[in-house]
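The values are calculated or read from the model by the stated rules, or taken from the named source; none is laboratory data. The structure presented is a predicted model; accordingly, all values stated were derived computationally and were not measured. FYI the Cβ positions are ideal-geometry reconstructions off the backbone, even for glycines, and counts take in every protein chain you see.
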Amino acid sequence: MIEGPGRVPQFEKFFETSHNLNAKHLATMFDIPYYFCENQNGLDEILKTFYQPQNGRPAILENKNKWKIDAEIYKGYFEHLRSKRNSTLKP
């Protein structure tokens, strides 16, 4: 998501930190709704629920994809949040 590093050929070696952990146990521990997907079809289905109000509670959306796909998804998510924020600020 950071502008610039994505254009560096050694991006994965120097900027990306991969791991085999997930946030499911963290979500369970704090009683936070948890959503997980591994592909675009799964993401499309989960987003229908994830974007719904969570009764004022936070929720975790964990998406296991390659960083290029993740970056586009996050950009779309943040754009969605900005549009929601702007629509609620209008009188």
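For region 24-46, a tally of residues being in a helix (DSSP H, G or I), over 21 Å from LYS84 (Cα atoms) and among the hydrophobic types (A, V, I, L, M, F, W, C) returns 3. Total residues in region 47-91 satisfying the condition of being at pLDDT 80 or above, acidic (Asp, Glu) and either part of a helix (DSSP H, G or I) or farther than 24 Å from HIS19 by Cα (or both): the figure is 1.
Within region 6-42, the residues that satisfy the criterion of being in contact with a helix residue (DSSP H, G or I) (Cβ under 7 Å, 6 or more places away or on another chain), surrounded by 13 or more Cβ atoms within 10 Å (Cβ to Cβ) and modelled with pLDDT under 90 are PHE11, PHE15, CYS37.
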